[in-house]
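Read the structure below first, then the notes.
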Number of protein chains: 6
Amino acid sequence: MELTHFDEEGRARMVDVSDKAETTRVATARGKVEMQPETLERIRLGQIAKGDVLAVAQVAGIMAAKQTSNVIPMCHPLAITGAKLNFEIVPPGTIEIEGIVKVTGKTGVEMEALTAVSVAALTIYDMCKAIDKTMVIGDIRLMEKTGGKSGHFMREDHIS
Amino acid sequence: MELTHFDEEGRARMVDVSDKAETTRVATARGKVEMQPETLERIRLGQIAKGDVLAVAQVAGIMAAKQTSNVIPMCHPLAITGAKLNFEIVPPGTIEIEGIVKVTGKTGVEMEALTAVSVAALTIYDMCKAIDKTMVIGDIRLMEKTGGKSGHFMREDHIS
Amino acid sequence: MELTHFDEEGRARMVDVSDKAETTRVATARGKVEMQPETLERIRLGQIAKGDVLAVAQVAGIMAAKQTSNVIPMCHPLAITGAKLNFEIVPPGTIEIEGIVKVTGKTGVEMEALTAVSVAALTIYDMCKAIDKTMVIGDIRLMEKTGGKSGHFMREDHIS
Amino acid sequence: MELTHFDEEGRARMVDVSDKAETTRVATARGKVEMQPETLERIRLGQIAKGDVLAVAQVAGIMAAKQTSNVIPMCHPLAITGAKLNFEIVPPGTIEIEGIVKVTGKTGVEMEALTAVSVAALTIYDMCKAIDKTMVIGDIRLMEKTGGKSGHFMREDHIS
Amino acid sequence: MELTHFDEEGRARMVDVSDKAETTRVATARGKVEMQPETLERIRLGQIAKGDVLAVAQVAGIMAAKQTSNVIPMCHPLAITGAKLNFEIVPPGTIEIEGIVKVTGKTGVEMEALTAVSVAALTIYDMCKAIDKTMVIGDIRLMEKTGGKSGHFMREDHIS
Amino acid sequence: MELTHFDEEGRARMVDVSDKAETTRVATARGKVEMQPETLERIRLGQIAKGDVLAVAQVAGIMAAKQTSNVIPMCHPLAITGAKLNFEIVPPGTIEIEGIVKVTGKTGVEMEALTAVSVAALTIYDMCKAIDKTMVIGDIRLMEKTGGKSGHFMREDHIS
């Protein structure tokens, strides 16, 4: 019934996944925040005035996983069934972030895992920016993805 | 277990759809924005200062489809599986908007399609209001609906 | 400091209003929902199963006024200072909706008033769609706007 | 694939419910607002300046049920299939609130029912605070829960 | 310009505060969660599977303060300038919660403080409900309010 | 009036900025997305199935700037007065993203600019992930910040 003369010049749409199977899907993403060594030390010692940095970043990342489809325009809404974030403090000046998201659904949760990691990183920046404005967020990438028709994806440098 | 003496004087509720079947459902809605001919011409030529009007309206409409149950009080939350918006520029002064939304769920997506069209229309208004405050949004209506117990609905004037 | 060679090919931006004066601004918008006479009669008599239609539509519209900048991409966030919606039942089959929004701010509230009216209309549709799918939302337009540099705007057909 | 040396010192996560069965689940919660007798009388008579208090509280509570997973950090997003709120005016100065939420899903809707009741209570406070700042919200508790592996829960004092 | 014949039968509106002065305003609210003594003990020892209960509740409450006007229908949006939550573990089975919110604005932040406390309490419930479904949230009340035309309010039992 | 015996063991709070001056503040952030050369080429040629990648990313980034305080837990809500995003396609495989946000307020907009860039980058990932799962988002950093008591900050490598 769609009007064939309607304008479709390459504009955006949310891809139709109605016919895809509901399967269990898992995605793992990672990223990091690079900072001054003394900033890292103060996070580790719990001396940041705004509070326990990683505890807040963890909550922020998990809540962001749930907001993904409201923030990324063409993402499908998904009722995720699990989400967690892990942090590793790597001296002298790095925090590694890992986000793992699960769903039973018609499409994958890569964006949810990447969004969780990004928002956790931004939260670390926010909590510490009063003492260090030069922090850099980077290496945000998909590590692994299982479930769905496209099968298993594992990043080649995912050797840990 | 519900208290029978509790007040139920016609106040609102989200209707219980727990026992409805999960089926694939599609809804198509349309609407239009009427404007000065020169406003339409400037949209067509990409001369609106705020940016490419229809590209922004399209993103806005798709994102709004996902927000429908947060905006319309008694709407059920639905994990929509597809959404798109088409535009037709109809000289001298009309933009026709069509929104199509799909879901596999227990209730239909009429409201999602109507909300997508309404927000796309409001976005067109917003992008152009600096040059034309007299635009009128109208004819927002459900064209067609498939899936669900109530069966196929097609608006009689849906002849294109 | 902005990179001059950065791509700016007409893409969208939120216009900079930093230098505009904070003034009291008011906007009035209107719209209507056309329906079957018996649908209107059942709204009037409070016989719609989902609840008191206009009471719910009023809350929805006011809440939507506050969500405007989250829904319309290039709208500025504004701390509105007042919002109300009025309804007029016009037999045989029309509900007229009027939305009035106020702010003390750097930019106007036309979009807030138009969004409030649109969402109120969509809510009326939602509450009644089980009995009438042919309702049409229309004539959504700015009636009047005061405050701000562009001065007083009043729609010519605003004669009531 | 998860890094075993990643920090997991008791920080928060959204529990993985991927392997739980989808069943129909219902939760009932209750709470109350205590106020001055004359405040209650003015609510009953519809003399509160901000509007019909219970009608607004009802819409607010139902919309809040849908927002639960955006507000409570470790809650799973759920596409609830029904929600309603009942109020009982209990002179001299109490409004009892009951919220009932349903879902077909992998986890229960206790938090949705409790959130609906809490937000309805906060809305009653907001609508009346101009005349009574001493209102107290209390006794917010889960009354009953059915569905899911943990079986039927009914609060012992749930005898009405 | 408002239509005098428009229906205004006591329906809700967001009260116009355009003419109120911008002053610094502070509100303090309190509430509590009653639980089984062993639940409290496990919170204190950090033995709840979902994570550090009070750390998550604190983030949830602060984020909720910012969402107040999106959740409570007639609340004005306010750019709050500070928010914090304090917890006191009171054996055998109580957690006391205190929320303090500040703003420089045209209206007070009672609702923001009360909402922060309520959502912190709901989050405590959520984090512990796997081991204790009988928790009760109560005594949510405004303790003190400064700033604004209505002057200083202090609850009589606020003697600590 | 705050209870001195209340628990304040380093938990998080939104810092009180009530006494800071309202000044005009601007922040510029940058980041990039690294991808396969053919992915970049298809973006440039408009051959990505989901639509015009940079147009969607731009809308997403601007909308995200407005959502910053809802996503980053301890961020103050701010009524931003302007936001824009620029993109530079840098063969063989990089898209550079620049976000500039303005406000007249009591605290800066670094987080808004960084969030806008991050969400634009995530959107690029989402639009292209069907053809390239190995994209990496990186170098997200604050370039420059003006306004506020802490004065002018410019990143040393900000030499363009």
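The angle between the Cα long axis of helix C:53-71 and the main principal axis of chain C comes to about 20°, on a 0 to 90 degree scale.
Rounded to the nearest 10 degrees, the inclination of helix D:110-128 to the longest alpha-carbon principal axis of chain D is 30 degrees. The dipole here belongs to the stretch A:16-160: it is taken about the Cα centre, uses +1 on the Cβ of Lys and Arg and -1 on the Cβ of Asp and Glu, and is about 300 debye. Considering only D:GLN58, D:GLY105, D:ALA21, and ranking their Cα positions along the charge dipole of the stretch D:1-127 that arises from unit charges at the beta-carbon of Lys, Arg, Asp and Glu, the one farthest toward the positive end is D:GLN58.
When +1 charges are put on Lys and Arg Cβ atoms and -1 charges on Asp and Glu Cβ atoms, the dipole computed for the protein assembly as shown relative to its Cα centre reaches about 0 debye.
Counting Cβ atoms of other protein chains within 10 Å of each Cβ in B:63-69 and taking the mean gives 6.
Comment: the Cα-to-Cβ extended label point of C:ALA21, at 7 Å, lies 2.2, 2.2, 6.6, 6.7, 7.0 nm from its counterparts in the other copies, nearest first. Among chain B residues, the beta-carbon with the smallest distance to the axis carrying B onto D is reported, with distance in whole Å, as B:ALA79, 4.
For the peptide B:22-30, the mean number of other protein chain Cβ atoms found within 10 angstrom of a residue's Cβ is 1.
Shortest first, A:GLY151 label-point distances to identical copies amount to 4.6, 4.6, 6.0, 7.0, 7.8 nm, with the label point at 7 Å from Cα along Cα→Cβ.
According to the Kirkwood relation over distinct C-alpha pairs, the hydrodynamic radius of chain A is 17.1 Å.
Given R0 = 41 Å, the distance between the Cβ atoms of E:LYS149 and C:ALA49 translates into a calculated FRET efficiency of 0.40.
Centre-to-centre separation between the Cα atoms of the stretch B:92-117 and those of the stretch A:124-152: 35 Å. When peptides A:132-140, E:79-87 are sorted by average Cβ neighbour count within 10 Å, with the highest value leading, the order is E:79-87, A:132-140.
Taking each DSSP H run with n ≥ 4 as -39500 (n - 2.57) and averaging over every residue of chain D yields -9500 deg cm²/dmol at 222 nm.
Between identical copies, the spacing of F:PRO92 label points, each set 7 Å from Cα toward the C-beta atom, reads 3.4, 5.6, 7.2, 7.3, 8.4 nm from nearest to farthest.
The charge dipole of the stretch E:1-102, taken about its Cα centre with unit charges on the Cβ atoms of Lys, Arg (+1), Asp and Glu (-1) only, comes to about 440 debye. At q = 0.08, 0.09 Å⁻¹, what is the base-10 log of I(q)/I(0) for the protein assembly as shown according to the Debye formula with one equal point scatterer per Cα and no solvent? Please give it to two decimals. For the requested q values the scattering log ratios are -0.69, -0.91.
Converting phi to 3J(HN,Hα) with the Karplus coefficients 6.51, -1.76 and 1.60 and the offset θ = phi - 60°, the stretch B:42-49 yields 5, 4, 4, 8, x, 9, 8, 4 Hz in sequence order, with x at every glycine or proline. Simple spin-label estimate for E:ILE131 and B:GLU88 gives 6.4 nm between the two label positions (7 Å along the Cα-to-Cβ direction from each Cα).
Readers should treat all values here as calculations from the given coordinates under stated rules, not as data from a laboratory. Keep in mind that this is a model prediction, so the values were computed, not measured. Quick reminder, even Gly has a Cβ in these numbers, built from the backbone with ideal geometry, and neighbours come from all protein chains shown.
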